[in-house]
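Here the structure comes first, spelled out in structure tokens, and everything after it is commentary.
The values are calculated or read from the model by the stated rules, or taken from the named source; none is laboratory data. Just so you know, these numbers come straight off a predicted model, no measurement behind them. Backbone-built Cβ (ideal geometry, glycine too); neighbour counts: all protein chains shown. Calculation scope for accessible area: heavy atoms of the full protein, side chains included, ligands and nucleic acids excluded. Shrake-Rupley method; radii C 1.70, N 1.55, O 1.52, S 1.80 Å.
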Amino acid sequence: MWVYEKKLQYPVRVSNCNPRLAKYLIEQYGGADGELAAALRYLNQRYTIPDKVIGLLTDIGTEEFAHLEMIATMVYKLTKDATPQQMVAAGLGEHYANHDGALFYQNAAGNPWTATYIQAKGDPIADLYEDIAAEEKARATYQWLIDISDDPDINDSLRFLREREIVHSMRFREAVEILKEDKGKKKFF
């Protein structure tokens, strides 16, 4: 179903070691509105969505995995040269004690990822509105990460991700209109 290219969707560069920024970026790795939750939500919802928009959920869900890979790369690059003392000073002491430098699906507060983050109602319109909200929350989070980051290289990648969230939101809004229009049509058999 997928073809994997061994490159990131958009380049990820890091100016310097910054475990504190990595701690904040983890929100988009394993948080409620992060990339893992979005990818799984959309790929799960596609089973109960009309054929007219099923491809959209597959496409965006797949792209969210590419975004997850970008966030993982950022976190890794920001922490790979950090000492244990720097990890502790950045608020990642518990993470270091449990996982060393390995990535773990959790939010910025250290709470593990949970399947309760994934919403699926089975009603296409309700699910698409949920998806729009998820994209808008992710967009806002990316903006807040840009606001607290002093790394111009990371900010470049974060701006790319923020813009993709806007595109996804717009595409889900289009899908809602397609389904509303289709629902109002008379069907002849």
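Quick notes on this structure:
- Across segment 109-119, rounded Karplus estimates of 3J(HN,Hα) from the backbone phi angles (6.51 cos²θ - 1.76 cosθ + 1.60, θ = phi - 60°) give 7, x, 7, x, 4, 9, 5, 5, 6, 8, 9 Hz, Gly and Pro being marked x.
- Computed in the context of the full set of protein chains, the accessible area of segment 42-131 at 1.4 Å probe radius has 54% of its extent on carbon or sulfur.
- Note on residue 10 and residue 174: the model spin-label points, each 7 Å out from Cα along the C-beta direction, lie 1.9 nm apart.
- Under the Karplus curve 6.51 cos²θ - 1.76 cosθ + 1.60, θ = phi - 60°, whole-Hz ³J(HN,Hα) for segment 60-76, x wherever Gly or Pro sits: 6, x, 5, 5, 4, 5, 5, 5, 4, 5, 5, 4, 4, 5, 4, 4, 4
- Segment 78-126 - Rg over Rh from alpha carbon coordinates, Kirkwood radius: 1.23
- Extreme residue, positive dipole direction of the chain, given options 117, 15, 83 (C-beta unit charges): 117
- Prolate/oblate/rounded label for segment 1-89 (Cα gyration tensor, a/c 1.5): prolate
- Residues with amide H under 5 Å from that of residue 106, placed H, sequence gap 5 or more: 30, 113
- Label-to-label distance for residue 129 and residue 62 is 3.0 nm, based on points extended 7 Å past Cα in the beta-carbon direction.
- Per-residue Karplus couplings for segment 99-108, computed as 6.51 cos²θ - 1.76 cosθ + 1.60 with θ equal to phi - 60°, are listed in order as 10, 6, x, 5, 6, 9, 6, 8, 8, 5 Hz, Gly and Pro entered as x.
- Relative to one another, the C-alpha centroids of segment 100-178 and segment 1-71 are positioned 8 Å apart.
- Pairs of C-alpha atoms in the chain farther apart than 29 Å represent 27 percent of all such pairs.
- Heavy-atom accessible surface of segment 1-83, averaged per residue, reaches 47 Å², computed with a 1.4 Å probe.
- The mean sequence distance of close C-alpha pairs (under 8 Å, at least 6 residues apart), as a share of the length of segment 13-147, puts its relative contact order at 38 percent.
- Shape box of segment 40-115 [Cα atoms, principal axes, largest first, Å]: 53, 22, 14
- For the set 52/77; 7/121; 77/137, the pairs lying more than 31 angstrom apart at their alpha carbons are 52/77; 7/121.
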